[in-house]
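The structure appears below as structure tokens.
The values are calculated or read from the model by the stated rules, or taken from the named source; none is laboratory data. Everything numeric in this text was worked out from a predicted model, so none of it was measured. No Cβ is skipped: glycine too gets one built from the backbone with ideal geometry, and neighbour counts run over all protein chains shown. Note: accessible area is taken over every heavy atom of the protein model, side chains too, but ligands, DNA and RNA are not part of it. Shrake-Rupley method; radii C 1.70, N 1.55, O 1.52, S 1.80 Å.
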Amino acid sequence: MNPTLSAWIGVDESGKGDYFGPLVIAAVCVDDETAGMLRTSGVRDSKTLSDRTIADLAKDIGGLCRTSVVAIGPARYNDLYGKFRNLNRLLGWGHARAIENVLEAGCPASRAISDQFGDERFIKDALLQKGRTIQLAQRPRAEEDVAVAAASIMARAEFVRRLDRLSDDAGLVLPKGASDLVEAAAKRLVRAKGKEALAAFAKIHFKTTAKVLSG
């Protein structure tokens, strides 16, 4: 990374709307030069890409940029949600940790961009000493910025990897999202391992939990 070029951080998350699996927040530090290289390699919002393409692009991003990936597994997520009692506060905490980590790794950025998910203070209040001087911007459709798009790819790649491992541990495929297929998989999991097992695989504050256990 050229220290004479303007640098900034993009932050995004994956798994927020998925019943099974972790919540993953990633931060990626770019400058004008690496931003151009990322665009040329096809980096864009992860929601428009296949899992295979995401995995390939994540390797490219990791080779070009300073990155940080904060993965909060289901058990830890449930503990933190019990503490924060608010998803946006939990997201703010995770975004702040990812920003701090990439700054600690030597990113020279003075600003960070994330998608709009709640009051900006949720991130600002959770920043530690190194992040206090950074200018933070939350934008709708922030994935249009290549740094945020790169962060969305890093986060989704890690989410998919961890969900696959959790599926192996569960002994059944844990689907993405929060659909009827997810509810059916959760019921099979409860039958196989007991209702206490849900907290190790799923975000138990979702309405899906009540549906599964009431059945």
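Structure data summary
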quantity: Every residue from the range 107-133 that is within 12 Å of residue 8 (Cα to Cα) and open to solvent by 20 Å² or more (accessible area, probe 1.4 Å); calculated: 108, 110, 111
quantity: Breaking point among (1) basic (Lys, Arg); (2) more than 15 Å from residue 143 (Cα to Cα); (3) within 13 Å of the chain's Cα centre (by Cα), for residue 47; calculated: (2)
quantity: Subset tally (residues that are aliphatic (A, V, I, L, M) and under 17 Å from residue 30 (Cα atoms)) for the range 72-128; calculated: 8
quantity: Out of 45, 79, 51, 56, sole residue that is of a type in the set (Asp, Glu), closer than 24 Å to residue 209 by Cα and surrounded by fewer than 24 Cβ atoms within 10 Å (Cβ to Cβ); calculated: 79
quantity: Given (1) surrounded by fewer than 21 Cβ atoms within 10 Å (Cβ to Cβ); (2) β-branched (Val, Ile, Thr); (3) in contact with a Pro (Cβ under 6 Å, 6 or more places away or on another chain), number of the condition residue 72 does not satisfy; calculated: (1)
